Every structure is written in C-alpha cells, then in structure tokens.
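The values are calculated or read from the model by the stated rules, or taken from the named source; none is laboratory data. None of the values given here were measured: they were computed from a predicted structure. Please note: Cβ atoms are built from the backbone with ideal geometry, for glycine as well, and neighbour counts cover all protein chains shown. Surface areas here come from the heavy atoms of the whole protein model, side chains and all, with no ligands, DNA or RNA. Shrake-Rupley method; radii C 1.70, N 1.55, O 1.52, S 1.80 Å.
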Number of protein chains: 2
Amino acid sequence: MAVPELFRALGDPIRLEMVQRLSDGAPCTIGAVSAGLGITRQGARKHLQVLADAKIVFLEAHGRDVLVQLDPSGLDRAKQYISDLQLRWDRRLEALQRYLEDG
Amino acid sequence: MAVPELFRALGDPIRLEMVQRLSDGAPCTIGAVSAGLGITRQGARKHLQVLADAKIVFLEAHGRDVLVQLDPSGLDRAKQYISDLQLRWDRRLEALQRYLEDG
DNA sequence: TTCATATGCAACCTCCTAGTTGCATTATAG
DNA sequence: CTATAATGCAACTAGGAGGTTGCATATGAA
C-alpha cells in the first residue's frame, strides 16, 4: 500500500543522497546524515521524516541523538512493484506475438 | 542518469495508474490513457509528459492521434538502481558481521 | 468540402513542498 | 551544577506542481 508515496519519497535528489549514504555507511545520527547537503538541519530533518513515513528509513531514539537506519523492506517493496509491472508487460508482449503468429 | 526524476515520475497515483494501464493493455492513444482518471484531458496530458520526460513512456505521433507506449528501459533503470542500493546495503551488513565476529 | 475528433498551446489558479529562522527541550560532558 | 551539543516544534515564505479553462490546429470521415 501507498506505493506512490514510496516512489515519491525516492524522487528527490537530497533524499536519494541520504539513502545512498545510509546504504554505504553505518547507521548514523540525524546530524551526520544531514551534514553537507547544502540545506539546514531542519530542512534535512523534514526529508528524513518523508523517508520515515514511506518506511524507507526508521528513526530510533538513542539517548540524546536519534539513529537513522535504512529499512530494507521499503526498497524491496518498490523493486517488487516494478518487477510486477515488468511481468505484466512481458506477458502482454508474448500474447501480442502469439496473436501475430497464429492469427 | 536523472534517477530522482525517474522515481519522481512514478511517485504520483495518477501517473502510476497510467503506467499500470499501459503495462496491462495494448499501446493506446493519449485520449484512451487519459479517460476515467477524474481529471481533464489537459491535466492527464501533463502527467504523460512527465512520464515521457523521465523516459518511462514514449509518445509516437500516428496521424491524428498520438500513441502512448511503455518504455521498458525506464522501469529497468529504476529497478537496477534499487538493486544497487540493496547490494551495497548487503555488503555493509556482511562487513559489520565480520567485524563483530572476528573482532 | 465540411464536420467532428484528437490533440496542442498558453494563461491562470491553488495548494503543497522545500526551505528558512527562531526558540524550546533534553541529555551528555566537565 | 552548568554549559554545550543534538534534537524537536512552530511559523513563515517562495516556488513549483497539479489542475482548469479557452482557443487554435490538423487529421480523418462523410
């Protein structure tokens, strides 16, 4: 459910950069993920919330700071959705080909 | 390239519905893809343009009407990008595990 | 030719989103 | 205890995205 929200969350260069960082490095604090993006901490925080709402990331309070971690299931759902589309598309192509060959 | 644009194009319920229709049925005209979406033809046309700009769909003039066709390579790029992310994520997990085990 | 159909183009409106600033809060460090 | 560091919350602004209406254009059918 909420597939559009999922893709929408990925459809922003800054959020995608965040996901990149998270997939590369260790889980880190909000401050760390937000640094060096060219926007303020609050701006970055909003992006993180979008990612969290879309279940691409989850936030875990840890004393004074909040750890940001990638949620693999989010990415998986997105990929699965695309695969389903491609499957239908392929079936359609096959049906079309049969139609052309056999009459 | 322009991966964010790709996801962004998929991140809208109406555009996703269009892609669904195109993957299901035969390539059809702009009018056909645009019908029954709850918005005007011009509104739908703008969505189609977004999909076309993101290379998810291509438009082919055919006399009076314009055929809309799914571009499988667009979906493939999106899927590939996600797979790459997951690959890096998995590698990171492995490294972490080795670190925990071996010291 | 004439009429209807499928589309293009442009101006306009509204609202959400990205981004900011300022201040409050909570927890770690000395 | 005090100071600082990491974060939360709220109000505000600007710009773009989604959507509409109105009109122009070109192609196919009769």
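The set of residues from the range B:1-13 being open to solvent by 40 Å² or more (accessible area, probe 1.4 Å) and within 11 Å of DNA strand D (Cβ to nearest atom) comprises B:E5, B:R8, B:P13.
Contact map, the range B:43-60: residues that are within 8 Å of DNA strand D (Cβ to nearest atom) paired with residues that are open to solvent by less than 80 Å² (accessible area, probe 1.4 Å), Cβ distance under 6 Å, separation 6+ or inter-chain. Pairs shown: B:A44/B:S34; B:A44/B:L37; B:H47/B:I14; B:H47/B:R15; B:V50/B:A9.
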